[in-house]
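In what follows, a structure is listed as structure tokens, so that the remarks can point back to it.
The values are calculated or read from the model by the stated rules, or taken from the named source; none is laboratory data. Every value quoted in this text rests on a predicted model; they were computed, and no experiment measured them. Cβ placement follows ideal geometry from the backbone for every residue including glycine, while neighbour counts extend to all protein chains displayed. Only protein heavy atoms, including side chains, enter the accessible area calculation; ligands, DNA and RNA are left aside. Shrake-Rupley method; radii C 1.70, N 1.55, O 1.52, S 1.80 Å.
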Amino acid sequence: AQSVTQPDIHITVSEGASLELRCNYSYGATPYLFWYVQSPGQGLQLLLKYFSGDTLVQGIKGFEAEFKRSQSSFNLRKPSVHWSDAAEYFCAVARSYNTDKLIFGTGTRLQVFP
Amino acid sequence: DAGITQSPRHKVTETGTPVTLRCHQTENHRYMYWYRQDPGHGLRLIHYSYGVKDTDKGEVSDGYSVSRSKTEDFLLTLESATSSQTSVYFCAITRTRGGDTQYFGPGTRLTVL
């Protein structure tokens, strides 16, 4: 069965520092991978997704993620964090060509200090 | 932003009462989903719909039922609410099943006392 692990429940960074949020998945074939962000009291917004092709994916708000098949990882990165990036981040996986059965990780809450 | 609204946005109810949550979309997307979000669990799929009158169970469907009589509306019903169903409920839509993105509504916070 598919599963997603986000090992960091809570991360705190200073504004302007770099950020990496970890995501590991378990799936036999190449999955479809997503990162969503949830601001307090809001719904989920798609940051980026990987379906195929270039393993480095660019998203909105200056985020990028790299798919590493050998490590079963899809880590989210941002070179310089802004205070407005404080939110909860969810990694999700779906089977190839069937993206309606999303499996979500438990989320990583990002806190940004000025 | 995808045209998805959820109502009510907040609800407090008592154990044993029926509750219906509504998801309304203006995108004419065929596929709709109900998730619940709980601390330590992320989002988990409750039910989904592939079209009018075409629904199926997700991972955590016990205690929930759904109906879809129109493309734009997907209703989630708790027949007899329990405290374990206190959660934040999200609706999502997508245009296709393959290689497409799910777009989420703003959520409904339900508290069952």
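I need the full set of residues from segment A:24-67 which are under 20 Å from residue A:3 (Cα atoms), without any contact (Cβ under 8 Å) to a residue 40 or more places away in the chain and exposed (fewer than 12 other Cβ atoms within 10 Å of the Cβ), in order please.
Across segment A:24-67, the qualifying residues are A:28, A:52.
Search segment B:14-49 for residues being touching an Asp or Glu at 6+ places or on another chain (Cβ under 7 Å) and among the charged types (D, E, K, R), and hand back the single one that is least open to solvent (accessible area, probe 1.4 Å).
Among those that are touching an Asp or Glu at 6+ places or on another chain (Cβ under 7 Å) and among the charged types (D, E, K, R), it is B:44.
Cβ-Cβ under 8 Å, sequence separation 6+ or interchain: first residue in segment A:75-86 and within 18 Å of residue A:65 (Cβ to Cβ) and at pLDDT 95 or above, partner outside any loop (DSSP other than H, G, I, E, B) and open to solvent by 60 Å² or more (accessible area, probe 1.4 Å). Which pairs?
A:75/A:20; A:75/A:68; A:76/A:20; A:77/A:20; A:78/A:61; A:81/A:14; A:85/A:61
Can you spot a residue in segment B:52-59 that is in contact with a Leu (Cβ under 8 Å, 6 or more places away or on another chain) and either open to solvent by less than 30 Å² (accessible area, probe 1.4 Å) or modelled with pLDDT under 95 (or both)?
yes
Among the residues of segment B:103-113 satisfying the criterion of being open to solvent by 10 Å² or more (accessible area, probe 1.4 Å) and either under 22 Å from residue A:35 (Cα atoms) or within 14 Å of chain A (Cβ to nearest Cβ) (or both), which is modelled with the highest pLDDT?
B:109
How about segment B:82-102: which of its residues are hydroxyl-bearing (Ser, Thr, Tyr), open to solvent by 30 Å² or more (accessible area, probe 1.4 Å) and in contact with a Ser or Thr (Cβ under 7 Å, 6 or more places away or on another chain)? Give the derivation first.
Of the residues in segment B:82-102, the ones hydroxyl-bearing (Ser, Thr, Tyr) are B:82-84, B:86-87, B:89, B:94, B:96, B:101.
This time we only want the ones that are open to solvent by 30 Å² or more (accessible area, probe 1.4 Å), so: B:82-84, B:86, B:96.
Of everything in segment B:82-102, those that are hydroxyl-bearing (Ser, Thr, Tyr), open to solvent by 30 Å² or more (accessible area, probe 1.4 Å) and in contact with a Ser or Thr (Cβ under 7 Å, 6 or more places away or on another chain) turn out to be B:82, B:83, B:86.
Taking segment B:44-86 on its own, how many of its residues are under 14 Å from the mean Cα position of the chain (by Cα) and within 14 Å of chain A (Cβ to nearest Cβ)?
Result for segment B:44-86: 15.
Only one of (1) over 26 Å from residue A:10 (Cβ atoms); (2) open to solvent by less than 30 Å² (accessible area, probe 1.4 Å) fails for residue B:65. Which number is that?
With (1) over 26 Å from residue A:10 (Cβ atoms); (2) open to solvent by less than 30 Å² (accessible area, probe 1.4 Å) applied to residue B:65, the lone miss is (2).
Among (1) surrounded by fewer than 16 Cβ atoms within 10 Å (Cβ to Cβ); (2) at pLDDT 95 or above, where does residue B:79 come up short?
Going through the list (1) surrounded by fewer than 16 Cβ atoms within 10 Å (Cβ to Cβ); (2) at pLDDT 95 or above, residue B:79 breaks only (2).
Give the residues of segment A:68-99 that are under 15 Å from residue A:6 (Cβ atoms) and either part of a loop (DSSP other than H, G, I, E, B) or in contact with a Gly (Cβ under 6 Å, 6 or more places away or on another chain) (or both), sorted by residue number. Step through it out loud before you land on a result.
We begin by selecting, within segment A:68-99, every residue under 15 Å from residue A:6 (Cβ atoms); these are A:71-77, A:87-93.
Of everything in segment A:68-99, those that are under 15 Å from residue A:6 (Cβ atoms) and either part of a loop (DSSP other than H, G, I, E, B) or in contact with a Gly (Cβ under 6 Å, 6 or more places away or on another chain) (or both) turn out to be A:72, A:88, A:90, A:91.
Which of the residues spanning segment A:88-114 are away from chain B (no Cβ under 14 Å) and touching a Ser or Thr at 6+ places or on another chain (Cβ under 6 Å)? Explain how you work it out, then say what you get.
Taking segment A:88-114 as the starting set, the residues that turn out to be away from chain B (no Cβ under 14 Å) are A:110-114.
The answer is A:111, A:113.
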